[in-house]
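Novice: Got a structure here, written out as structure tokens. Questions coming.
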Amino acid sequence: MHEWALAESVIKSTVEYAGAEKITKLKEAGVVFGELQAIDKEIFVFALEELRRQFPAALTCKFKIIKEPAAFRCKACSHKFALKGLKKTKDEAEFIHFVPEMAHTFLKCPKCKSPDFELVAGRGVSISYIKGAK
Ligand SMILES: [Zn+2]
């Protein structure tokens, strides 16, 4: 159900933005989809298609999914590193995908080996841009 609630808030935000900006015909909205988002992308896209029927303003809008790769920042040395490319087994990668908080158990900063880092990208869903005609 999380996917549906999220899809609805994306559509609502897009429609509200269009109203505030006096956009009469929405064309496209970029939806950033984090790599570590624990929701099903297929269901989310389906929910977007279904739910926008309830919002006339959103009917002309194409929702473009933009994948955002996961990235971390080391709290000890401020080094930024991507999840991609780090040494991990397939099981670990899958586990991190669903429980990003557990990444510390498997990963270390590639520069200083500290396990104290934070996730700075790749979590959550957000709208990056909205295009339309006035
Ligand atoms: Zn570090």
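Novice: Output the number of residues of region 73-90 satisfying the condition of being out of contact with any Lys or Arg (no Cβ under 7 Å at 6 or more places or on another chain), within 13 Å of the ligand (Cβ to nearest atom) and in a strand (DSSP E or B).
Specialist: Here the count works out to 1.
Novice: In addition: Filter region 92-131 down to residues that are over 22 Å from the mean Cα position of the chain (by Cα) and either closer than 21 Å to Lys41 by Cβ or not β-branched (Val, Ile, Thr) (or both), then give me how many there are. Show your work before the answer.
Specialist: Initially, region 92-131 is screened for residues over 22 Å from the mean Cα position of the chain (by Cα), giving 105-106, 108-116.
Going one step further and asking which of them are either closer than 21 Å to Lys41 by Cβ or not β-branched (Val, Ile, Thr) (or both), we end up with 106, 108-116.
Of the residues in that region, 10 qualify.
Novice: Restrict the check to region 115-122 and report whether at least one residue is in contact with a Lys or Arg (Cβ under 9 Å, 6 or more places away or on another chain), among the acidic types (Asp, Glu) and in a loop (DSSP other than H, G, I, E, B).
Specialist: yes
Novice: Considering every residue within region 43-57, establish whether at least one is in the same structural domain as Ser128 (by TED's automatic domain parsing) and not in a helix (DSSP H, G or I).
Specialist: Among the residues of region 43-57, at least one is in the same structural domain as Ser128 (by TED's automatic domain parsing) and not in a helix (DSSP H, G or I), which makes the answer yes.
Novice: If Thr60 passes every condition in (1) away from the ligand (no atom under 16 Å from the Cβ); (2) not in a loop (DSSP other than H, G, I, E, B) but one, which one does it miss?
Specialist: (2)
The values are calculated or read from the model by the stated rules, or taken from the named source; none is laboratory data. In this text, all values refer to a predicted model and were calculated from it rather than measured experimentally. FYI the Cβ positions are ideal-geometry reconstructions off the backbone, even for glycines, and counts take in every protein chain you see.
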